[in-house]
Amino acid sequence: EYLDPKMRKSTDFPRWLNQPSTQSKLKGKQVLMYCTGGVRCERASSLLLNSKLGSEVKGVYQLKGGIEKYLMEMGKGNAGDAG
């Protein structure tokens, strides 16, 4: 299931993470996080792992460097060339 915390900055993540509906959806799951440049998802991964929920998920993974780096490494040019 895809969950979008709709965060524009990493300080928005704890509020979303602490919602009971979020916790019930993440509990027992593997979590993959990704963002544009990798900074927000890196911070969010750390927050999740260090929260009480961190021990209740099966794993937390992130796309290092974000979508932009992934596209560059896959030979797609820059993020503007994704189409």
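Per-residue ellipticity at 222 nm computed for the chain from its helices equals -10000 deg cm²/dmol, with DSSP H segments shorter than 4 residues left out and the rest contributing -39,500 (n - 2.57). Across every direction, the projection of the convex hull enclosing the Cα atoms of the chain has a mean area of 5.7 nm². Note: relative contact order over the chain, using C-alpha pairs below 8 Å and six or more positions apart, is 28 percent. With a threshold of 21 Å on the Cα-Cα distance, the over-threshold entries among Lys29/Lys69; Lys9/Lys64; Lys25/Lys58; Lys6/Lys64 are Lys29/Lys69.
The numbers here are math on the coordinates, done by the rules we state, and not lab data. Just so you know, these numbers come straight off a predicted model, no measurement behind them.
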